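Below is one structure, written out as structure tokens; the observations come after it.
The values are calculated or read from the model by the stated rules, or taken from the named source; none is laboratory data. Not measured: the values here are computed from a predicted model. Cβ coordinates were reconstructed from backbone atoms using ideal geometry, including for glycine residues, and neighbour counts include every protein chain displayed.
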Amino acid sequence: MEVLKILGKYYRDNKWVCGEDYESLEWYDTTIVKPTEEELELLQERLIVDEMRDKRNQLLKDSDFRAIPDYVLDKALWIIYRQKLRELPATWVDGMKFPTPP
């Protein structure tokens, strides 16, 4: 489990100090209780999906200009590629590779 990554993403506004594992987590925040190890394990699964979505969104952004009406070079292939990216949240499993751009 990537404790630091999880804490940094989902608890960045809280007060804590942590080493590499849950046992080293020192919780100083008084606004919420220290998350349990089980809660962080659930967030690990969410983190994997969030990272996939972030990468997918960046790939779509990087190819946006290829979807404008006056772009003609391999446009049909780019439309298919971008559709595959949009379908990823429904079809993606951990470890699956992203579609290859044309």
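Pairs please, first residue from the stretch 70-97 and more than 23 Å from Gln44 (Cα to Cα), second anywhere and surrounded by 13 or more Cβ atoms within 10 Å (Cβ to Cβ) and charged (D, E, K, R), Cβ atoms under 7 Å, 6+ apart in sequence or on different chains.
Lys75/Arg66; Trp78/Arg66
Examine the stretch 22-38 for a residue that is touching a Lys or Arg at 6+ places or on another chain (Cβ under 6 Å) and either surrounded by 13 or more Cβ atoms within 10 Å (Cβ to Cβ) or basic (Lys, Arg) (or both), and state whether such a residue exists.
Initial filter on the stretch 22-38 (touching a Lys or Arg at 6+ places or on another chain (Cβ under 6 Å)): 27-29.
From what is left, the residues that are either surrounded by 13 or more Cβ atoms within 10 Å (Cβ to Cβ) or basic (Lys, Arg) (or both) are 27.
Yes: the stretch 22-38 contains one or more residues that are touching a Lys or Arg at 6+ places or on another chain (Cβ under 6 Å) and either surrounded by 13 or more Cβ atoms within 10 Å (Cβ to Cβ) or basic (Lys, Arg) (or both).
Do we have any residue at all in the stretch 57-75 that's of a type in the set (Gly, Ala, Ser), under 21 Å from Phe98 (Cβ atoms), modelled with pLDDT under 95 and not in a helix (DSSP H, G or I)? Don't jump to the end; show me each part of the working.
First pass over the stretch 57-75, keeping only residues of a type in the set (Gly, Ala, Ser): 63, 67.
Right, trim to under 21 Å from Phe98 (Cβ atoms) and you get 63, 67.
Still in the running and modelled with pLDDT under 95: 63, 67.
Imposing the further condition that a residue be not in a helix (DSSP H, G or I) reduces the set to 63.
Among the residues of the stretch 57-75, at least one is of a type in the set (Gly, Ala, Ser), under 21 Å from Phe98 (Cβ atoms), modelled with pLDDT under 95 and not in a helix (DSSP H, G or I), which makes the answer yes.
Which condition does Tyr28 not pass, out of (1) over 26 Å from Lys5 (Cα atoms); (2) in contact with a Phe, Trp or Tyr (Cβ under 8 Å, 6 or more places away or on another chain); (3) of a type in the set (Ser, Thr, Tyr), if it passes all the others?
It fails just one condition, (1).
Given Asp74, Asp62, Asp54, Asp94, which one is more than 28 Å from Leu4 (Cα to Cα) and surrounded by fewer than 12 Cβ atoms within 10 Å (Cβ to Cβ)?
Testing whether each residue is more than 28 Å from Leu4 (Cα to Cα) and surrounded by fewer than 12 Cβ atoms within 10 Å (Cβ to Cβ) leaves just Asp62.
Identify the single condition in (1) under 27 Å from Pro89 (Cα atoms); (2) modelled with pLDDT of 95 or more; (3) not in a helix (DSSP H, G or I) that Gly8 does not satisfy, given that it satisfies every other one.
(3)
Scan the stretch 21-37 and give yes if some residue there is among the charged types (D, E, K, R) and under 30 Å from Pro101 (Cα atoms), otherwise no.
no
Let's see how each residue does on (1) in a helix (DSSP H, G or I); (2) among the basic types (Lys, Arg):
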{"residue": "Ile32", "(1), (2)": "no, no"}
{"residue": "Leu40", "(1), (2)": "yes, no"}
{"residue": "Gln44", "(1), (2)": "yes, no"}
{"residue": "Arg53", "(1), (2)": "yes, yes"}
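For the stretch 13-30, enumerate the residues that are under 17 Å from Glu41 (Cα atoms) and part of a loop (DSSP other than H, G, I, E, B).
Cys18, Gly19, Glu20, Asp21, Leu25
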